[in-house]
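Below is one structure, written out as structure tokens; the observations come after it.
The values are calculated or read from the model by the stated rules, or taken from the named source; none is laboratory data. Here the structure is a predicted model, which means the values were calculated and not measured. Neighbour counts are summed over all protein chains in view; Cβ atoms, including those assigned to glycine, are modelled from backbone coordinates with ideal geometry. Remember, those area values only see protein heavy atoms, side chains included, never the ligands or the DNA or RNA. Shrake-Rupley method; radii C 1.70, N 1.55, O 1.52, S 1.80 Å.
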Amino acid sequence: MRIDVVSIFPEYLQALDISLIGKARRDGLLDVRIHDLREHTYDRHRTVDDTPYGGGAGMVMKPEPWAEALSAIAGVAPEIPAADDGDSRPLLLVPSPAGEVFTQAMAQELSTRDHLVFACGRYEGIDERVYEYAAEHYEVRPVSLGDYVLNGGEVAVLAMIEAIGRLVPGVVGNPESLIEESHSEGLLEYPVYTKPAVWEGREVPEVLLNGNHGKIARTRRAWQLERTAARRPDLIRVLDPSTLNRHDRDTLWHAGFMIEDGRIVDKPGE
Ligand code: 6GU
């Protein structure tokens, strides 16, 4: 997979040299290229921003450096065979608190693409016309990590590249570890324990110690449901009830949910 990132702080992206993603790059699984937006400025101060038309606080990123950077990347992009939907343009992901929320499902989908480009904005954002211009060469998608504001897209891009990159075949050594994890089945992960069996007077749950694998699997499933009900009730309400067995329904009942007209709803009075 080819990934390009354009930023005025390329040093931020040095974290991509480390750990799993760094190894995947050295192994040739991920071709990550970081570009300094200021390389596409031609004035003495290498200016990338200007005051907003219409007034208001802060500065807006100028269109010209972005147009040149994005054209250069699209121009050198390998020709990609048309996908099922017939759109062969590379994807331009624009980190922004005003974007569509980035989820595990989106990470899965993006991990199958050949070419992703991230445009890291700073200040109050990029001149809107850049997105229209970019749409001639890219499929443009604004994406947000969640409902809070960062100073720029760089930290968000680090998170997204890690979430996407680890799903690219070969990047995670043991693909088994991708199967049972938080969010992949719409539930949070169960709690985990390691040695010693007693630590600071606290015992590892007995069920994990006596090798009854059927019982361990049922217990972990119940822990997942209980934890998700407590921390993320929104995820419980969108589960498909047909995926729940009698044990699951019983666990959810005790956690304050019931099934009504084929949907999971809060028990009255909870
Ligand atoms: Cl993707 N970018 C910025 N600048 N702020 C954010 C965000 C992204 N996601 C949440 N807040």
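Points to keep in mind about this one:
- The rule of thumb for compact globular proteins, 2.2 N^0.38 Å, goes into the C-alpha radius of gyration of the chain 1.26 times.
- When the helices of the chain are scored as -39500 (n - 2.57) per DSSP H run of n ≥ 4 and the total is divided over every residue, the value at 222 nm lands at -9000 deg cm²/dmol.
- Annotation: Glu189 carries an accessible surface of approximately 40 Å², with a 1.4 Å probe and no ligand, DNA or RNA atoms counted.
- Principal axis dimensions, the stretch 203-270 - Cα atoms, whole angstrom, descending: 39, 23, 17
- Within the straight-line cut-off of under 20 Å between alpha carbons, the aspartates and glutamates reachable from Lys267 are Glu226, Asp234, Asp240, Asp248, Asp250, sequence neighbours fewer than 8 places apart in one chain being disregarded.
- When only Cα pairs below 8 angstrom with a gap of at least 6 residues are kept, the chain shows a relative contact order of 17 percent.
- Sorting the segments 11-17, 220-226 by their residues' average number of neighbouring beta-carbon atoms within 10 angstrom, most packed first, yields 220-226, 11-17.
- Ranking of Trp66, Trp199 by solvent-accessible surface, largest first: Trp199, Trp66 (1.4 Å probe, protein heavy atoms only, all chains present).
- Candidate cross-link partners of Lys215 among the aspartates and glutamates, defined by an alpha-carbon separation under 12 Å and a same-chain spacing of 8 or more, comprise Glu206.
- Extending 7 Å from the Cα toward the beta-carbon at both Asp114 and Arg26 defines two label points whose distance is 2.9 nm.
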